[in-house]
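Q: Dropping a structure here in structure tokens format, bear with me for questions.
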Amino acid sequence: MIDKIYIPTLGRVDKQITWESLPDFLKEITVLVVQPKEKDLHGDKPTLVLPENDIGICKTRKFIYEYANSRNQRYGVFDDDLTFLKRRPKGNRPVKVEMSNDDWRELIEKTDKWFDEDISFSALRVGILPPISKDFIDNTAAFTAYFFNGQVLPQSSDLDWSIEIGEDAHLILQLFQRGHSNRVWDKFVFHQKEYADGGCNTYRTSKVINDCHQQLINAHPDYVKHNGTKKTFNGEETIKLKMKWKQAYLDSQIGKLPV
């Protein structure tokens, strides 16, 4: 079963979009992961307090990874500003509708079943991407709304946690290269407002983004490539990346797959 959902949050005490988007039965297993300076600000919502303030999202994710994996949990990690939708067929084009309790139960139960079938981690797909012809994709990009099987993942000490922005891509690529497969929902997706106040935007700048994106290229030269630039929230140019997610997993299987 999925044991817990963790929502790392900062600077959004009165705007807990993800929490409010979850059904009541999932709120029962969900905790906000907060910095000490915000530990008394979230009312009756359950919290897990980080060891110190202002540690950044990468160390926050590392803390959750170590905490949950040490308890052999199957768990979710959701950003704090997400809404969730289901793709529903309508003629030749699917539409997206609010997820029902039954939809959430299907997502949770099937994700848990995938973990029984040697899938190590899962996610919901980004809702702005075009739909595919089936409910999920194997060994592809995973961002922002994840599920992990902490019973099979590598020790935190075996991974690198040095990249602050793009830390999620860095983790996923490391897991692929260690032979861990994923399955990403397309039937269920999330929406997120880019560069909203709070969270990482308390310290994110174009320079930080560019430095971290270059670190990703350096760390995974076979799977991460420079792909031009784009303008961000402050009008400055930032590096775009092209990622070879599936290839990272396939290369890990060389010598394991039947000829």
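The values are calculated or read from the model by the stated rules, or taken from the named source; none is laboratory data. Bear in mind that the values here come from a model prediction, so they are computed numbers and not experimental data. Reconstructed Cβ throughout: ideal geometry from the backbone, glycine too, with neighbour counts over all protein chains shown. Quick note on the areas: whole protein, heavy atoms, side chains included, nothing else; ligands and nucleic acids left out. Shrake-Rupley method; radii C 1.70, N 1.55, O 1.52, S 1.80 Å.
Q: What does the net charge come to around Lys244 if you take all other residues with beta carbon closer than 10 Å to its beta carbon, with K and R at +1 and D and E at -1?
A: Around Lys244, the charge tally is +1.
Q: Still on this structure: Asp116 versus Arg93, label points 7 Å from Cα toward the beta carbon: distance in nm?
A: Result: 3.9 nm between the two label points.
Q: Moving to a separate point now. Using the Karplus curve 6.51 cos²θ - 1.76 cosθ + 1.60 with θ = phi - 60°, work out ³J(HN,Hα) for each residue of the stretch 93-98 in order, rounded to whole Hz, and write x for Gly and Pro.
A: These are the phi-based 3J(HN,Hα) values: 10, x, 10, 10, 10, 4 Hz.
Q: Something else about it: Suppose every Lys and Arg Cβ carries +1 and every Asp and Glu Cβ carries -1, with no other charges. What dipole size does the chain come out with about its Cα centre, to the nearest 20 debye?
A: Dipole about the Cα centre, nearest 20: 900 debye.
Q: Let me ask something else about it. How much length, in nm to one decimal, is gained on full extension between Lys59 and His191, taken as 0.36 nm per residue of separation minus their Cα-Cα distance?
A: Numbers: separation 132, 0.36 × 132 = 47.52 nm, distance 2.42 nm.
Net length gain for the segment: 45.1 nm.
Q: Can you spot the lysines whose alpha carbon is less than 23 Å from Lys246's alpha carbon? Ignore those fewer than 8 places along the same chain.
A: Counting by Cα, and skipping residues close in sequence, Lys246 has these lysines nearby: Lys110, Lys113, Lys134, Lys187, Lys225, Lys256.
Q: List the lysines whose Cα lies under 20 Å from the Cα of Lys231, skipping any in the same chain that are fewer than 8 positions away.
A: Hits, sequence-local ones excluded: Lys193, Lys207, Lys240, Lys242.
Q: Test of understanding: express the Cα radius of gyration of the stretch 1-109 as a ratio to 2.2 N^0.38 Å, with N the residue count.
A: Values: Rg = 15.5 Å, N = 109, 2.2 N^0.38 = 13.1 Å.
In units of the 2.2 N^0.38 Å rule of thumb, it is 1.18.
Q: Next question. Based on the mean of other beta carbon atoms within 10 Å per residue, what is the order of 48-57, 64-73, most packed first?
A: 64-73, 48-57
Q: Right, another one. Please report the antiparallel percentage of DSSP beta bridges with both residues in the chain, rounded to the nearest 5.
A: Numbers: 26 of 42 bridges.
Given both bridge residues lie in the chain, the antiparallel proportion sits at roughly 60 percent.
Q: Continuing with the same structure: Stretched out fully, how many nm does the piece from Phe25 to Leu41 gain, at 0.36 nm a residue minus the Cα gap?
A: Net length gain for the segment: 3.5 nm.
Q: Another question, then. Give, as a single signed number, the net charge of other residues whose beta carbon lies under 15 Å from the beta carbon of Ile108, with Lys and Arg counted +1 and Asp and Glu -1.
A: Counting the neighbours of Ile108, the net charge comes to -1.
Q: How much length would be gained if the chain were fully extended between Glu237 and Glu52, taking 0.36 nm per residue of separation minus their Cα-Cα distance, in nm to one decimal? Display every interim value, and only then the final one.
A: Working: separation 185, 0.36 × 185 = 66.60 nm, distance 3.25 nm.
Taking 0.36 nm per residue and subtracting the Cα distance, the gain is 63.3 nm.
Q: Can you tell me the Rg and Dmax of the chain, counting just the alpha carbons, in angstroms?
A: My reading of the Cα-based Rg and Dmax gives 18.0, 58 Å.
Q: Beta carbons within 10 angstrom, averaged per residue: use that to sort the peptides 37-45, 149-157, highest first.
A: Sorting 37-45, 149-157 by mean packing, highest first, produces 149-157, 37-45.
Q: In whole angstrom, and with the biggest value first, how far do the Cα coordinates of the stretch 53-93 range along each principal axis?
A: 49, 27, 11
Q: Identify, among Ile217, Phe63, Thr144, the residue whose Cα sits farthest towards the positive end of the charge dipole of the chain, taking +1 on the Cβ of Lys and Arg and -1 on the Cβ of Asp and Glu, with the dipole about the Cα centre.
A: It is Ile217.
Q: In the chain, carbon and sulfur make up what percent of the accessible area (probe 1.4 Å)?
A: About 47 percent, which is the carbon plus sulfur part of the accessible surface.
Q: Here is a follow-up. Restricting to DSSP H runs of at least four residues, report the calculated mean residue ellipticity at 222 nm for the chain, -39500 (n - 2.57) per run over all residues, nearest 500 deg cm²/dmol.
A: -8500 deg cm²/dmol
Q: Measuring with a 1.4 Å probe in the full set of protein chains, what accessible area per residue, in whole Å², belongs to the stretch 4-88?
A: 44 Å²
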